[in-house]
Every structure is written in C-alpha cells, then in structure tokens.
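Since every read-out is calculated from the coordinates, none of them should be taken as a lab result. Computed from a predicted structure; not experimentally measured. Quick reminder, even Gly has a Cβ in these numbers, built from the backbone with ideal geometry, and neighbours come from all protein chains shown.
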Amino acid sequence: MNADLLTPLWHPDAVLPQLDAAGWERLLRQARLGALVPRVAMRFDAQGGLERVPTGPRQHLENGIRLAERQVQAVRWEVERIRRAAAPTGTPVVLLKGAAYLLAGLPAARGRLFADIDILVPHDRLEIVELALLGAGWVSRERDRYNQRYYRVWMHELPPLEHVKRSTVIDVHHTITPPTSSFNVDGRLLLAQSRPLAGHEGLAVLQPVDMLLHSMVHLFQEGDFDHGLRDLIDMHALLVHFEAQDTGFWPQLTARARQLGLGVPLVQALDQLQALFGVQIPATVAGEIGALHPRPVQRSLMRRAVGRALTPPTPECRRPGDGLLRWLLYVRSHWLRMPLHLLVPHLVRKAWMRHFPGKTGDEAGA
Amino acid sequence: MRLADLGASDLRRRLRGDGIRLRTGPFVFNLRSPIEVIAEGLLRLYAHHPVVDASTFADYAVEIVPGEGPRRWIKPQCRFLFDGRLVFEPMPVSHAYPLLEWSMNWCVSTQAHHYLVVHAAVLERNGLAVILPAPPGSGKSTLCAGLAYRGWRLLSDELTVIDPATLQVHALCRPVSLKNESIEIMRAYAQEASFNRPSEETAKGRVTHMSVRPDQVMRMDEPARPRWVVFPRYVAGSPPRLSAHSPSEAMLELARNAFNYAALGPVGFETLAAVVDACHCHDFEYSRLDDAVDTFERLAAAEPA
C-alpha cells in the first residue's frame, strides 16, 4: 500500500485504488486532515459509485457529503447576513475564495468545506465596514495587542471577526497580499474589475483571472500547506471551467499575472497543477508563462519542495528532512510577506508567544 | 472474541502497538495507549465486549498518550489525539481513563452524522426505549444506572443514537459514568457490577465508570423503538411524581440536546418529530431510586405486550 493515498487520487487518469480496512482508515485520516472528505466521496461516487465502497468507510464518506451540503446552506445564509449588515454603508462587498465560488455557481464549490468567509472591500472603507459588521454581531477575536497591531499595520486583512452567537468567522481584506509583500497587489485594480453578483445586490466577485491568481498567490503565502491540496483542487476546477468558457482565458491570465506582478506564483502553481492533474499549458502561451519565472534552479527547487509539503502530514508519509522543509517554506512565506528588518523581530516575537502563550494574551495566531 | 479472552498482557501489548479494535454497538473503535490505567479500566469495564481483528474497519482511532516533554514526568499529563492532533487540553495522567471515555463520546457526537445523536440516557424494555434527556445534576446517570440493574436494558447513559431511516435507537453498551455521591449509591445498589478505580478531582469531581451487565453486552446489536421521553429531576425529599410534558416542548428539548441536529438539517427535524410522535412524554420528579424503579415498572406494564 502507498503511504500517500490522497494526492494521487486527483489525476484525471488515476485508477481509484481497491482498499482494505487499513487502507480506508488511512485515506479517511489523510482526507480529514486536508478538509477533503466530501471531495474524496464525490471522486469515488463519480468513478463507479459509492455503493461499491464497503459500508464502514462509506458511512464516513456520506457524512462528509452531508456536512458539505449543510455548509452550502449555512454559507449562503451567512453571506446574506453580511450583505444586509454592509448594505447601509453603501460599500460593495466582494466575496473571495470559497464563498465566491459558491455564490457564483462555480464547480470549484462542489464538496468544498469552509472554515471562514473571506471578503474584500476598498482600503478606505475598512473601518466603516468593520463597524457595520460589529453592529451585526461580528467582533474581533484577536485579543492580543501585538497581533491586533500586526494585522492592522502590516497585513492585507483585519484580524478575524467572529460572530458572538454563531461563531462564524469573517476575514475582511483590503487586498489579496500584504502591503509589505514582494507581491504587492493594489486592491483597487482588483475591485475595478470585480463582477456584480446577479440577484445579490451589493455583492460581487473577482473577475475569473483574478479569482484564480488569488488562489495561487494565497497558496504560497500561508506558509502551512495543510489545505494546500484543497486549494489546488479549487484552482484546477476554476481553470477547467474558465478555459472552457472563454478561449481567451490563458492570454488574459498571463497578461494579468504580469500586470499584478504575480508571475512567479502563477508559474509555481501551474507546476503543481501539472504534476497533480496533468494540466497542459497551451503552446501559444507556454513560452510567455515560462518567462515569468526567470530563475530555473529556484523554480525546480520550489516545485519539489511544495510537492513534498502537499503530502499528508501523517506519520506514514513522513520522510527525513520534511520538518526542515516545512520550516523553510514557512519562513519563505513570511519572507514573501515582509522585508527582513520586519520579519526577524516578528518571528522572534511569535516564537516567544508560542512558548509563553499566557504572558502576552491570546495564542499565536497571525 | 471477547476482550477478556485476550488476557491482560496481550491487551497491554496491543494497546502499545497497533491498538485493539473494540466494538460497542454500531461503532468500532481502535484504541491505543501506553498508559497503564487505560488497560486496567478496559479490563474491568469491557471484559465481555467483542474485539475484532485488523481486517474490520475501525470507525474511530482514539489515542491517549502521555504529556509532552517534561509533562511526561513532572506532574505527568495525558492527551487525547485524533488524527495525530490534540482535541482537548491535556489532563493529569490519573484522569486518563475518563479521558478515554470522553474521547470516545467526542468521536460519536461530532462525526456519526449517519445517526441523530442526542445527549440523553436511553434504556430498553420489551423492545421499547425510554429516552432520558437531562441537564447535569438532574440525577440522570444515577437513575439510568439504577434502572439498568432493575429490569431495564441499558442502551447508553450519555448518547442516544437514533437511525433516521428506521427510527430505532442503537445500543452503545458503554460503561455508565458516575460521579461523586452516586458512586457509593451504585456500589450498594448494583453489587454484581464491576467498578473502575475512581479518578479524583476531575472537571466533574470524583468520577468512575460502572460496567454494563454481561447479558446486556451480548444483546448490543438489538435496537429498540422509542416509546417514552422522560425528563427526570431529582428533588430532595420529593415523592415520585410523573406528569405529562407537552410533545412540542419535548421536541425542542431533544433538539437542544442533540449534538448534530443542525448538521442533519431537515433529516434531524423529521427524525425528532417522528420520535416524539411515537412517544409518551413525561416530567418525572423523584428523590428515591426505588420509587423511580417502581414508576418505570408501571410505565412498562401499561404497554400492551
């Protein structure tokens, strides 16, 4: 039996494995850790039907589908609450990531699990939107003053807001990358091209190329790849859908990546999409896309490092050097966010907070 | 094979290795732990339970491991890991056994969405189930433990597991959790039962567990049809008093006590409505266990055979 049963499942040519009890236990565990149980269920369902899965594991897969279906309803409801709360401010709210895929009716929403709802508003409207959300019951759960300041000064989003009764979490962004980041994207460019959501006055989503680029740059900024595979499955679903809708999608994607300065994450994400799903870059844009990442040694190192980091964090998948590798990617993700003179004091501070959580207030969360 | 057939040393070896696969009603748990009180507790409380081999799929893998770093040795702790991740805050190692039971409850209540899982005790008589939802302190555990040794078959003392397709309640057949004064009461009341060594000063006070009767363990695969919903309340000095409880109120109470009512959506609503439709709903005040046993005896006798 392979150690990693999860990542090989997604290639279009993959033959789904015949698993014994231990195999199912292993796959379900890997899927739970990657927030992918519903999608694994749908994959098996599409290839031969869930009824061919033995009863024990099948119940867990079906429970995954149930949970995803309930979340669809819950997220739609929460989004409507957010829309109503923000409406009096006159600020259009742009949905990001999962909530956007769902409300825009994109296939990328299928079987996706949600941890929070991400929204984007203009920088100069942050305060008024935060106030409006506060009025509707969403309060900042970040109690630590250092973390509060860190978010507000250095980040592209407010500290997470949590609803006092329902515990739902909103991340309010003003752009998709930290202002200090080497990929510093101007939020105004994204907002200018956002698309209103039909039937939901006051709500919008990013234009297709920006939606995909956001998911790509996000993957390399989070620093932990626990949900990396889920994000890549999102990207693949977006890419397949958009390229079928619009023959001009690839050239637009290339041009937009160059305009926003997101060439490197585009190339790095495409490398992973190629490995996992066999995505082919059309010959007409291949040269141009390749040129967006001019450093071949770095590119190949990152391809292998991220490939390793995407394997499930379970003992059977562990190889020597993985710990170091994950740590290097974590440091790199921060390095992308901040110049060194800001980064070093920040990481030292976070390390201190991790070891002495009580002394500084809330746990290390940023 | 029964757990007792393994023998103590084989049990310990397996708990330290790949784990033992213990079946409790519809669920198979794979339990792993190097901590001695876990092995000891399992031997006292699960001796008659079936143990299955590695070819049987385990629903939930529960690992109770020692504390990290210095907390392995200084004021030693224990931790519940699920998928390798910490679920609750670490506890003193002397609480390892109740932690195991709480962890098993956590698995069912947060993940078994093919059932509606209600926080309530449930017992069976002649194929009919009585559901006892109750807040802590209502005397639910003592009442449930008492009835289980006076003519009623225990299905579960904490988790009422209802199949939405059949509306039947499944037996979990797990040991009854007892705390503080109820421990001594039950020692006197159910002398043939096996009791685990109490854990002192847990979040719930002094706690221990009492075994399920072996003949009831043998019947763990027999489900039961809900017939009564009874809300018990211990009132010092009170004579036994059974009164009607409004069905719609009862349904709301059950929904409030269900762990996955929201996760099941319309299925949860329909299941509870059908359960309450099929049940007599009562409030029940009492102060003496023997009075309670008599009252429940009359409830059962009133049903046509």
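From the residues A:PRO8, A:LEU328, B:CYS144, which one has its Cα farthest along the dipole of the protein assembly as shown in the positive direction, the dipole being from +1 and -1 charges on Cβ of Lys/Arg and Asp/Glu about the Cα centre? Of the candidates, A:LEU328 comes out farthest on the positive side.
By the count of other C-beta atoms within 10 Å, a proxy for reagent exposure, B:CYS144, A:CYS317 are ordered fewest to most as A:CYS317, B:CYS144.
Each listed q (0.20 Å⁻¹) maps to a log10 I(q)/I(0) for region B:154-305, found by the Debye formula over equal Cα scatterers with no solvent: -1.48. Tell me which of B:VAL230, B:VAL51, A:THR254 sits at the most positive position along the dipole axis of the protein assembly as shown, charges placed on C-beta atoms (Lys, Arg +1; Asp, Glu -1). Sorting the options by dipole projection puts first A:THR254. Averaged over the residues of peptide B:290-303, the number of Cβ atoms from other protein chains lying within 10 Å of each residue's Cβ is 0. Convex hull volume of the C-alpha atoms in chain A, normalised per residue: 154 Å³. Modelled label positions at A:ALA74 and A:VAL285, each set 7 Å beyond Cα in the direction of Cβ, lie 3.6 nm from each other. Size check on region A:192-301: the Cα extents along the three principal axes, sorted descending, read 48, 34, 25 Å.
Taking the Cα centre of chain A as reference, the dipole from Cβ charges on Lys and Arg (+1) and Asp and Glu (-1) amounts to some 680 debye.
Where nothing but the Cβ of Lys and Arg (+1) and of Asp and Glu (-1) is charged, how large is the charge dipole of the protein assembly as shown around its Cα centre, in debye to the nearest 20? Present the calculation step by step, with values, prior to reporting the outcome.
Numbers: 76 positive and 71 negative charges, 317 e Å.
Value, rounded to 20: 1520 debye.
Calculated FRET efficiency, B:SER248 to A:VAL153, Cβ-Cβ distance, R0 = 35 Å: about 0.05 to the nearest 0.05. Note on A:55-63: average number of Cβ atoms from other chains within 10 Å of each residue's Cβ is 4. Extending 7 Å from Cα along the Cβ direction at A:ARG110 and again at B:ARG225 yields two label points whose distance is 4.2 nm. Taking a virtual spin label 7 Å from the Cα of B:GLU68 along the C-beta vector, which residues in region B:87-130 bring their backbone nitrogen under 16 Å of it? Taking a point 7 Å out along Cα→Cβ of B:GLU68, the residues of region B:87-130 whose backbone N falls under 16 Å are B:87-92.
Residues B:ILE183, B:ILE131, ranked from the fewest to the most other C-beta atoms within 10 Å, line up as B:ILE183, B:ILE131.
Between B:GLU192 and A:ARG349, the FRET efficiency estimated from the beta carbon spacing at R0 = 51 angstrom works out to 0.25. With helices as the sole contributors, the protein assembly as shown gives -14000 deg cm²/dmol at 222 nm; each DSSP H run of n ≥ 4 counts as -39500 (n - 2.57), and the sum is divided by every residue. How big is the gap, in Å, between the Cα center of region B:85-125 and the Cα center of region B:1-72? For region B:85-125 versus region B:1-72, the Cα centre distance is 15 Å.
Fewest neighbouring Cβ atoms within 10 Å first, the residues B:THR142, A:THR247, A:THR177 line up as A:THR247, B:THR142, A:THR177. So if R0 is 22 Å, what FRET efficiency would B:VAL235 and B:ALA302 give, r being the distance between their Cβ atoms, rounded to the nearest 0.05? Computed FRET efficiency for B:VAL235 and B:ALA302 comes out at 0.40. Counting every C-alpha pair in the protein assembly as shown, the share spaced more than 47 angstrom apart comes to 25%.
Could you work out the Rg to Rh ratio of region A:99-175, with Rh taken as the Kirkwood radius (inverse of the mean 1/r over all Cα pairs)?
Numbers: Rg = 13.4 Å, Rh = 13.4 Å.
My calculation puts Rg/Rh at 1.00.
In percent, rounded to a whole number, the relative contact order of chain B is 17, using alpha-carbon pairs under 8 Å and six or more apart. Counting Cβ atoms of other protein chains within 10 Å of each Cβ in B:259-266 and taking the mean gives 3.
In debye, nearest 20: dipole of chain B around its Cα centre with unit charges on the Cβ of K, R (+) and D, E (-)?
Values: 33 positive and 35 negative charges, 154 e Å.
For chain B, the charge dipole is close to 740 debye.
Along the axis of the charge dipole computed for the protein assembly as shown (Cβ charges of +1 for Lys and Arg, -1 for Asp and Glu, origin at the Cα centre), the listed residues B:ALA129, A:PRO196, A:ILE65 are led at the positive end by A:PRO196.
At A:GLN18 and B:ASP53, where each label point lies 7 Å from the Cα along Cα→Cβ, what is the point-to-point distance in nanometres? In this crude spin-label approximation the distance works out to 2.0 nm.
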